[in-house]
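Student: Let me begin by handing over the structure; questions about it come next.
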Amino acid sequence: MRQVRSGHYVEVLPTPLPNPGYVIHSESLFRELNLCGSAASESAFVRFFTGDQTVAADAANANAARPHVLASGWACGYALSIYGQEMYHNCPFKNGNGYGDGRAISVLEVFLPNGQRWEFQLKGGGTTPYCRGGDGRAVLRSSIREFLASEAMAALGVPTSRALCLFASRSETISRPWYSPGAKTEEPDRMVDEQAAITTRVAPSFLRVGQLELFGRRARKNEHPRAIEELEAIFLHTLEREYPDIAAQLRQRETTLADKVIAVAREFGLRLSLLAAHWIRVGYCQGNFNSDNCSVGGRTLDYGPFGFIEAYDPMFQMWIGGGEHFSFMNQPMAAMTNFKMFCIALAPLLGQDLTAMKELESILETLPETMNREMNRMWAKKMGLVEFSPTLFAELHALMAETPVDYTIFWRELSSLPRHVAALRPSFYETRGGYSLDSGAIEARWAEWLQKWHAALEREGCPPADVSAAMKRVNPKYIPREWMMVEAYRSATDTADYKLVQRLHRVLEDPYGEQSEAVATLYYKKKEEQFFGLGGTSYCSCSS
C-alpha cells in the first residue's frame with residue numbers, strides 16, 4: 001500500500017492463486033472470443049487466469065529472436081464520490097491518493113478481427129498500491145455472484161462487463177465477515193474462512209467516472225506541474241477507447257479539445273439514461289452506484305451489493321449502507337449525480353471557453369429530460385404500448401407496490417395479455433402488503449386497470465400476438481434471484497459441488513425463453529416467506 005501521486009496506472013504482478021480448481025466458464029463469451037471450450041481446463045490457461053503471468057512471458061520469449069517480455073499486469077487509481085460528495089476521509093492518506101483497483105489487476109488486451117477490443121482483469125488477483133490494507137483477494141461466494149449476475153445481464157441485453165472464467169483455490173482461505181445461515185441481523189454476525197477465488201472479468205475498458213475525477217481534482221487544485229496534461233491524456237484515451245465512432249467523426253473536421261469534451265458528454269449522458277432504463281426494465285438495483293462504480297462507457301460495472309428486486313418496493317435496496325438514494329427507482333437520480341461529477345471532472349479542460357462551459361452546463365441541465373424520455377419508452381415497451389400513458393402507469397405503479405407483486409413474474413404474466421386478475425395472482429405476495437385472499441377491493445382495482453390497459457392496446461390497434469411477443473422480448477422470465485445464488489454458492493463453498501452454479505448459469509443464458517416445465521418449476525417462482533429478512537439473502541453488507 002502506498003500513495004500514487006501521478007500517472008494513469010501502475011505495473012503490478014498478480015499474486016497467483018495456489019492450487020486452483022475449475023468452477024465455471026462462460027461458453028457464450030468463449031465463442032465470441034473464438035476460444036475453444038476445452039481451453040478452460042488447459043494448464044497454461046488456468047495458470048494465466050489465476051495470476052501466474054510467467055506462463056505468457058515464457059511463451060512469448062520462447063518464440064522471440066531476442067527474449068525480452070516480462071510478466072506484468074496493471075492497476076489504476078481513481079477518486080471516489082458518494083452521491084455527489086467528494087470523499088477523502090476514508091482514504092488511508094486522507095487525501096484521495098489511496099483509492100483505486102485494490103484487488104483488480106488487468107493482465108491482457110485482445111483485439112478481435114471485427115475491431116472489438118477487450119480488456120481482461122483478474123478480480124481477486126492480489127494486492128496493489130490501492131488495497132488500503134486489504135488482502136487483494138475475492139472469496140468464492142462473491143465471485144460466483146459476480147459471474148452469474150454479469151453473464152445474466154449480458155443475456156438480458158443490458159450493457160455490462162462480462163465474466164470469462166472462475167477458479168477457486170483448493171488450499172487458500174481468507175477471512176471475511178458474513179452472515180450465519182438463518183441470521184436476521186443487519187450486520188454480518190460472524191467471521192468466516194472462505195475459499196479465495198479469481199474471476200476474470202472482461203470489458204472494452206474499465207474506465208470509470210472516478211478515474212476522470214481523480215485527474216480532474218488534481219488539475220483543479222494544480223497538485224503537480226503535469227496535472228492538467230494528465231487529465232487531458234486520460235480524457236483523450238476515454239474518447240478513443242469508449243467512443244471510437246465519435247473520435248472518427250471528430251477527426252474528419254477541425255475540432256478543439258472543448259468540442260471533444262462536449263461530444264463525449266452528450267453521448268455519455270444518453271448511455272447513462274439507457275443504462276438506468278435497462279436496470280429498471282429487468283429489475284436490477286446496483287446498490288452502490290458511486291462514481292467509482294460508474295463506467296464511463298455506460299455499462300454495468302462492479303457487482304458488489306447488487307440485487308434483483310422480487311416483491312416490488314420502489315425503495316428496494318440490498319446494501320444495508322446504500323440508503324434511499326441508491327434504491328431501485330432512484331437509480332436514474334444516482335446516474336445523473338455521477339454525470340454531474342463527470343462534468344465537474346472535465347471542466348478544467350474547457351479553460352476560459354465560456355461557450356463550451358455553457359454548452360456543458362446545458363447538457364447537464366437537460367439530462368433529466370433525456371433520462372425521463374428513456375424511462376417512459378422503457379415503461380411503454382413493458383406495457384406493450386407504442387405511446388407511454390402516464391396515467392395508466394401511475395395507477396399500475398401504485399397497485400404493484402401496494403399488493404405487492406413479484407416484479408419479474410408480474411410483467412411476464414402480463415405479457416400474455418390477461419383480461420382477468422386470476423392470471424396475475426401467481427405474482428401476488430400475500431400478507432406482505434395490502435393483498436390477501438379476501439382483498440376484494442384491491443382485486444376490483446386490478447380488474448379496472450386491466451380494462452383500461454386493454455382499451456389502450458385496442459386503440460393502438462396492434463395485433464395481440466405481436467404485442468405479446470414484443471412484451472416477452474423485454475420482460476424476462478428468469479433472473480438471478482438472490483436466494484437462488486445463495487443456494488448455488490453454498491453448495492459450492494460447503495461441498496465443492498459446482499453443479500448448481502453451472503445449472504443456474506445455463507438457465508440464465510436464456511432469460512426470455514420459456515424453457516422446460518422442470519426449469520420453470522425450480523426457477524420461475526416467487527421468493528418464499530422463509531427468505532424474507534435473512535442477512536445475505538434479503539440484504540447484505542459490502543463484504544466480498
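Student: Select, from THR355, THR300, the only residue that is of a type in the set (Val, Ile, Thr) and either crowded, with 22+ Cβ neighbours inside 10 Å or under 30 Å from GLU460 (Cα atoms) (or both). Write out each step before concluding.
Tutor: Details: THR355 fails: either crowded, with 22+ Cβ neighbours inside 10 Å or under 30 Å from GLU460 (Cα atoms) (or both).
Only one candidate qualifies: THR300.
Student: Provide a single number: the residues in the range 181-209 that are modelled with pLDDT under 95 and of a type in the set (S, T, N, Q).
Tutor: 1
Residue-wise test of (1) assigned by TED's automatic domain parsing to the domain that holds ASN376; (2) buried (at least 22 other Cβ atoms within 10 Å of the Cβ); (3) out of contact with any strand residue (DSSP E or B) (no Cβ under 9 Å at 6 or more places or on another chain).
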{"residue": "SER295", "(1), (2), (3)": "yes, yes, no"}
{"residue": "PRO305", "(1), (2), (3)": "yes, yes, no"}
{"residue": "TRP319", "(1), (2), (3)": "yes, no, no"}
{"residue": "GLU324", "(1), (2), (3)": "yes, no, yes"}
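Student: With the requirement that a residue be among the hydrophobic types (A, V, I, L, M, F, W, C), closer than 20 Å to TYR512 by Cβ and part of a helix (DSSP H, G or I), what does the range 135-172 give you?
Tutor: Matches in the range 135-172: LEU148, ALA149, ALA152, MET153, ALA154, ALA155.
Student: Taking the conditions exactly as written (modelled with pLDDT of 95 or more, surrounded by fewer than 23 Cβ atoms within 10 Å (Cβ to Cβ), within 25 Å of TRP411 (Cα to Cα) and not charged (D, E, K, R)), does SER273 satisfy them or not? Break it down stepwise before answering.
Tutor: Working: modelled with pLDDT of 95 or more: yes; surrounded by fewer than 23 Cβ atoms within 10 Å (Cβ to Cβ): no; within 25 Å of TRP411 (Cα to Cα): yes; not charged (D, E, K, R): yes.
So SER273 does not fit the description; no.
Student: Ok, one more. Give the range 234-253 a look and list any residue that's of a type in the set (D, E, K, R) and within 10 Å of VAL264 (Cα to Cα), or say none. Explain how you work it out, then say what you get.
Tutor: Let us first name the residues in the range 234-253 that are of a type in the set (D, E, K, R), namely 240-242, 245, 251, 253.
GLU242, the sole residue that qualifies.
Student: Quick check on PRO390: is it in contact (Cβ under 8 Å) with a residue 24 or more places away in the chain, surrounded by fewer than 17 Cβ atoms within 10 Å (Cβ to Cβ), over 30 Å from GLU528 (Cβ atoms) and out of contact with any Lys or Arg (no Cβ under 7 Å at 6 or more places or on another chain)?
Tutor: On the way: in contact (Cβ under 8 Å) with a residue 24 or more places away in the chain: no; surrounded by fewer than 17 Cβ atoms within 10 Å (Cβ to Cβ): yes; over 30 Å from GLU528 (Cβ atoms): yes; out of contact with any Lys or Arg (no Cβ under 7 Å at 6 or more places or on another chain): yes.
For PRO390, the condition - in contact (Cβ under 8 Å) with a residue 24 or more places away in the chain, surrounded by fewer than 17 Cβ atoms within 10 Å (Cβ to Cβ), over 30 Å from GLU528 (Cβ atoms) and out of contact with any Lys or Arg (no Cβ under 7 Å at 6 or more places or on another chain) - is not met.
Student: Got a number for residues in the range 112-134 being at pLDDT 95 or above and in a loop (DSSP other than H, G, I, E, B)? Step through it out loud before you land on a result.
Tutor: Step one: of the range 112-134, the residues at pLDDT 95 or above are 118-130.
Then drop every residue that is not in a loop (DSSP other than H, G, I, E, B), which leaves 124-130.
Selection size over the range 112-134: 7.
Student: If a residue must be surrounded by 13 or more Cβ atoms within 10 Å (Cβ to Cβ) and more than 15 Å from PHE410 (Cα to Cα), how many such residues does the range 523-533 contain? If you could, list the steps in order and put the result at the bottom.
Tutor: Pass one, the range 523-533, residues surrounded by 13 or more Cβ atoms within 10 Å (Cβ to Cβ): 523-527, 531-532.
Then keep just the ones that are more than 15 Å from PHE410 (Cα to Cα); that gives 531-532.
Result for the range 523-533: 2.
Student: Looking for whichever is buried (at least 21 other Cβ atoms within 10 Å of the Cβ) and small (Gly, Ala, Ser) here; the options are SER436, SER468, SER427, SER416. Which one fits?
Tutor: On the way: SER436 fails: buried (at least 21 other Cβ atoms within 10 Å of the Cβ); SER468 fails: buried (at least 21 other Cβ atoms within 10 Å of the Cβ); SER416 fails: buried (at least 21 other Cβ atoms within 10 Å of the Cβ).
Result of the check over SER436, SER468, SER427, SER416: SER427.
Student: Could you give me the residue pairs with C-beta distances under 8 Å whose first residue belongs to the range 139-163 and is assigned by TED's automatic domain parsing to the domain that holds GLN121, whose second residue is acidic (Asp, Glu) and assigned to a helix (DSSP H, G or I) wherever it lies, and which are 6+ apart or on separate chains?
Tutor: Sorted first by the residue in the range 139-163, then by its partner, the pairs are ARG162/GLU151; ALA163/GLU146; ALA163/GLU151.
Student: Being in contact with a Pro (Cβ under 8 Å, 6 or more places away or on another chain) and of a type in the set (Gly, Ala, Ser) is the filter here; which residues of the range 225-243 pass it?
Tutor: Taking the range 225-243 and keeping what is in contact with a Pro (Cβ under 8 Å, 6 or more places away or on another chain), we get 228, 231, 241-242.
None - no residue of the range 225-243 is in contact with a Pro (Cβ under 8 Å, 6 or more places away or on another chain) and of a type in the set (Gly, Ala, Ser), so the list stays empty.
Student: Taking the stated definitions as given, is ILE246 in a helix (DSSP H, G or I), farther than 30 Å from GLY124 by Cα and in contact with a Pro (Cβ under 9 Å, 6 or more places away or on another chain)?
Tutor: Considered against the rule, which asks whether it is in a helix (DSSP H, G or I), farther than 30 Å from GLY124 by Cα and in contact with a Pro (Cβ under 9 Å, 6 or more places away or on another chain), ILE246 comes out as no.
Student: On to the next question. Quick test for you: out of GLU230, GLU254, GLU223, pick the one residue that is surrounded by 14 or more Cβ atoms within 10 Å (Cβ to Cβ), part of a loop (DSSP other than H, G, I, E, B), outside the structural domain of GLU86 (by TED's automatic domain parsing) and of a type in the set (D, E, K, R). Spell out the reasoning first.
Tutor: Values: GLU230 fails: part of a loop (DSSP other than H, G, I, E, B); GLU254 fails: surrounded by 14 or more Cβ atoms within 10 Å (Cβ to Cβ).
Checking each option against the conditions leaves just GLU223.
Results for (1) without any contact (Cβ under 8 Å) to a residue 12 or more places away in the chain; (2) small (Gly, Ala, Ser), shown as yes or no for each residue.
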position: PRO305; (1), (2): no, no
position: SER327; (1), (2): no, yes
position: PRO332; (1), (2): no, no
position: ALA347; (1), (2): no, yes
position: GLY351; (1), (2): no, yes
position: MET357; (1), (2): yes, no
position: LEU367; (1), (2): no, no
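This table checks each residue for (1) under 26 Å from GLU172 (Cβ atoms); (2) surrounded by 16 or more Cβ atoms within 10 Å (Cβ to Cβ).
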site: ILE24; (1), (2): yes, yes
site: SER43; (1), (2): yes, no
site: ALA65; (1), (2): no, no
site: MET87; (1), (2): no, yes
site: GLY102; (1), (2): yes, yes
site: ASN114; (1), (2): no, no
site: GLY126; (1), (2): yes, yes
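Student: I'm checking my understanding of the structure. Among residues of the range 17-59 that are within 23 Å of the chain's Cα centre (by Cα) and assigned to a helix (DSSP H, G or I), which one is farthest from LYS499 (Cα to Cα)?
Tutor: Of the residues in the range 17-59, the ones within 23 Å of the chain's Cα centre (by Cα) are 23-33, 49-50.
Among the residues that remain, those that are also assigned to a helix (DSSP H, G or I) are: 27-32.
Details: GLU27: 15, SER28: 18, LEU29: 20, PHE30: 19, ARG31: 21, GLU32: 24 Å.
In this case the residue turns out to be GLU32.
Student: Taking the condition of being surrounded by fewer than 11 Cβ atoms within 10 Å (Cβ to Cβ) and of a type in the set (Phe, Trp, Tyr), how many residues in the range 45-63 meet it?
Tutor: Of all residues in the range 45-63, those surrounded by fewer than 11 Cβ atoms within 10 Å (Cβ to Cβ) come to 62-63.
Within this subset, residues satisfying the condition of being of a type in the set (Phe, Trp, Tyr) are none.
Number satisfying all stated conditions: 0.
Student: So which of TYR243, TYR179 is buried (at least 21 other Cβ atoms within 10 Å of the Cβ) and without any contact (Cβ under 8 Å) to a residue 60 or more places away in the chain?
Tutor: TYR243
Student: Being over 21 Å from the mean Cα position of the chain (by Cα) and buried (at least 23 other Cβ atoms within 10 Å of the Cβ) is the requirement here; does LEU346 meet it? Give the steps one after another, and end with the answer.
Tutor: Working: over 21 Å from the mean Cα position of the chain (by Cα): yes; buried (at least 23 other Cβ atoms within 10 Å of the Cβ): yes.
Judged against the criteria, LEU346 is a match.
Student: Right, ILE262: buried (at least 18 other Cβ atoms within 10 Å of the Cβ), in contact with a Phe, Trp or Tyr (Cβ under 9 Å, 6 or more places away or on another chain) and in a helix (DSSP H, G or I) or not?
Tutor: Numbers: buried (at least 18 other Cβ atoms within 10 Å of the Cβ): yes; in contact with a Phe, Trp or Tyr (Cβ under 9 Å, 6 or more places away or on another chain): no; in a helix (DSSP H, G or I): yes.
Answer is no for this residue.
The values are calculated or read from the model by the stated rules, or taken from the named source; none is laboratory data. Keep in mind that this is a model prediction, so the values were computed, not measured. So basically every Cβ, Gly included, is an ideal-geometry build from the backbone, and we count neighbours across all protein chains shown.
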